[in-house]
Amino acid sequence: MPDMLNTAVSGLLTYQRALSTTSHNIANVNTEGYSRQRVEIGTQHPSSLGGLFYGNGAQINAVSRSYDQFLTVEVRDTTSVHSRLEMLAELSGHIDNVLADPVGGISPIMHEFFAAVQDVADDPSSITARYNMINVGNTMTARFHNIDTRFQQLQESTAEDIRTTVEEINTLVSNIRDINIDLNSMSTGEQPTQQSSDLLDRRDQLMNELSEKINISVVNERENNLSIFIGNGQTILTGTDTFTLGTVPNTGDPSQDQIIYNGLNQVSDISASLKSGGELGALLEFRDYILTDTRNDLGRVAIAMADTFNDAHLQGMDLNGNLGTNFFSFDAPSITPNVTNTGTGVISAVVSDATALTRYDYTLEFDGANWTMVSDSGNTSVPVADAAPADTTIVFEGLTVTVDGVASAPIAGDSFRIKPTIEGAASINLLISDPLLIAAGAPIRTGSSLDNLGTAAISPGEVTDMSNANLLNTVTLTFTSATTFTSDSVVTVGATTYAAGAPIPFSNGMTIESNGWQAELSGIPQTNDVLTIEANTGGQGDNRNALNLANLQNTGVLDGGNSNYQEAYSNLVGRVGTQTAAYDTQREATEALKIQARDRRDSKAAVNLDEEAADLIKYQQAYEATARIISTVQTLFDTLIASTR
């Protein structure tokens, strides 16, 4: 039989809980990730009386949250993409600011250095100009050092951020696992009871935070049991079981950490598969490509400049009458054996052609019979057969790598990591501090006798082989007629070599070679005319080699001879600047997509204070009306009692 009092009480309890839920919504209007909750009110089981059914009031069937799985996944995905691009734009911006600094960059000081070289060429006897060239050179190498130091600091901070991010990922996954455990504890038997909307919101918020760190895929089996996948499908959470990530030094390059996945039965490197999204993906991409390429490219410019400037400086003679020495120093390529190597290998490498240097690192691999160089760009050298016990030489992209045939005993599968230019900017230094040692003059000079009757002339001469032991020996050319001459040294004309004293046919504009130099003869000689080639001793006013050094500023040296030093550096600045601008543009675009996705989700799930205020009034009025029922029941009861008195 229906009971008005019980019916009224059920209504009071129902709307009390509805008011409580509405209040909960209002209280959490600014809570991140909170989804609006709604009470689902239904009728209680009716009573049967006289063949008729009478209602027994209301009850709360469920407290549900406003949730759309598609919109939630959309927010998670756009958050992951945006976090990656935001991090890449920020990190690339650091490099761009360093390289493009109009005061602290390389271009201004490089221009200043070659201006100082030109000052020496203008006045080669000036000690002041020579000192200035050395001082500016030291300033330029210090600038290379400073920029590379900032990049090394950025590399160290990036490595620390990678380790920190991996720890944060493990913590977030553990927290999600804990919520799954709590949700499981609320289930009974095979059928789960209604889950806590607040716990589900908290779990969604944690997964959103996880997507900021790493790109994830989520599979919901049911509300209290979900799985999270990363990379190439590795599971980091399934229900209440977690699988952690870790960082360990790379076996091929211990200076860089690799991300390992601690699976059920094995530990595997998954670094390459994590670069598609999240902050971790951005950090790995920045470290492996942008930062490494930039350091390598800066080192490439430094090494190419040092190497080619040294070559030119060796072609000159200093004020002491000695041949030029190396002006700069720089480290040889870095070589690191893989920690998994089972054999031994003594490997050395030198830069043999600066014009062919690239910004990439290499892996030298041994297959049991042949050695192969593999560039990070994807290029591969021609396999070279192991020549042990003789040395094996591999020439590839400006490098000459030598495997010691006696000291090495490699095993198939052994490999070595070769970094040709990574330390170039950090290691470039000036070797000359004495201004007298600047080789501004050419090592040889030519001349004609004052007693000559003809117009025979000889060009200033050009050194072709600085290693020739007879380079500075005096050579005398004596014309025995207007069409022939002799030399007191062996002379080569074209493909013909003439012994000392042998008659040599003369032709206007002919080129002769001897003792590591070549010169051009011209004019109309007379019998007994004499031309000489000798050491340029005491040539304080000679600026021929200084001019060659100054001309290097505009000489194509890098990129196969297509770029000079400053053009190569400008290309580096432009490449980094373009990357940074592209990341920034993409970041702005994905930020808009992220905001739109959040707005769509919030339109479905967020608390609307106007709606809550309306619900508050509606439930309050229902509560008051239900209370009036109790008051009516009281009146009826009093009337009934009074009628029996």
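The values are calculated or read from the model by the stated rules, or taken from the named source; none is laboratory data. In this text, all values refer to a predicted model and were calculated from it rather than measured experimentally. Ideal geometry is used to build each Cβ from the backbone, glycine not excepted, and the neighbour counts take in all protein chains shown. Heavy atoms of the whole protein, side chains included, go into the accessibility calculation; ligands, DNA and RNA do not. Shrake-Rupley method; radii C 1.70, N 1.55, O 1.52, S 1.80 Å.
Tabulated data
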{"item": "Gyration tensor verdict on region 585-645 (Cα atoms; rounded if a/c is under 1.5, prolate if a/b is larger than b/c, oblate otherwise)", "result": "prolate"}
{"item": "Area accessible to solvent at SER433, 1.4 Å probe radius, in Å²", "result": "90"}
{"item": "Distance between modelled label sites at THR393 and MET4, nm, 7 Å Cα→Cβ extension", "result": "11.3"}
{"item": "Between region 141-175 and region 219-262, the Cα center-to-center distance that results, in Å", "result": "21"}
{"item": "Calculated [θ] (222 nm, deg cm²/dmol) that DSSP helices of n ≥ 4 give over the chain, each run adding -39,500 (n - 2.57)", "result": "-14500 deg cm²/dmol"}
{"item": "Region 497-645: radius of gyration over Cα atoms, expressed as a fraction of 2.2 N^0.38 Å", "result": "3.44"}
{"item": "Value of relative contact order over region 424-503, rounded to a whole percent, pairs C-alpha under 8 Å and six or more apart", "result": "15"}
{"item": "Anisotropy class of region 468-538 from Cα gyration tensor, a/c 1.5 cut", "result": "prolate"}
{"item": "Prolate/oblate/rounded label for region 1-88 (Cα gyration tensor, a/c 1.5)", "result": "oblate"}
{"item": "Overall Cα dimensions of region 275-407 - principal axes, largest extent first, Å", "result": "60, 45, 23"}
{"item": "13 Å beta-carbon shell around THR393, net charge (K/R +1, D/E -1)", "result": "-3"}
{"item": "Relative contact order (percent, whole number), region 527-645, Cα cutoff 8 Å, 6+ residue spacing", "result": "7"}
{"item": "Contact order normalised by residue count of region 236-341, Cα under 8 Å, 6+ apart, percent", "result": "18"}
{"item": "Between helix 69-99 and the chain: long-axis angle, C-alpha atoms, 0 to 90°, nearest 10", "result": "30"}
{"item": "Tally of Lys pairs whose C-alpha atoms are under 26 Å apart, taken over the chain, 8 or more apart or cross-chain", "result": "7"}
{"item": "Cα-based helix-to-principal-axis angle, 106-122 vs the chain, degrees rounded to 10", "result": "10"}
{"item": "Computed E for ASN262/SER377 - FRET, C-beta separation, R0 51 angstrom, nearest 0.05", "result": "0.95"}
{"item": "Rounded to 10°, Cα long-axis angle of helix 127-185 versus longest principal axis of the chain", "result": "20"}
{"item": "Among (i) 94, 51, 41; (ii) 68, 62, 53; (iii) 165, 52, 37, the entry that matches Cα extents along the principal axes in Å as calculated here", "result": "(iii)"}
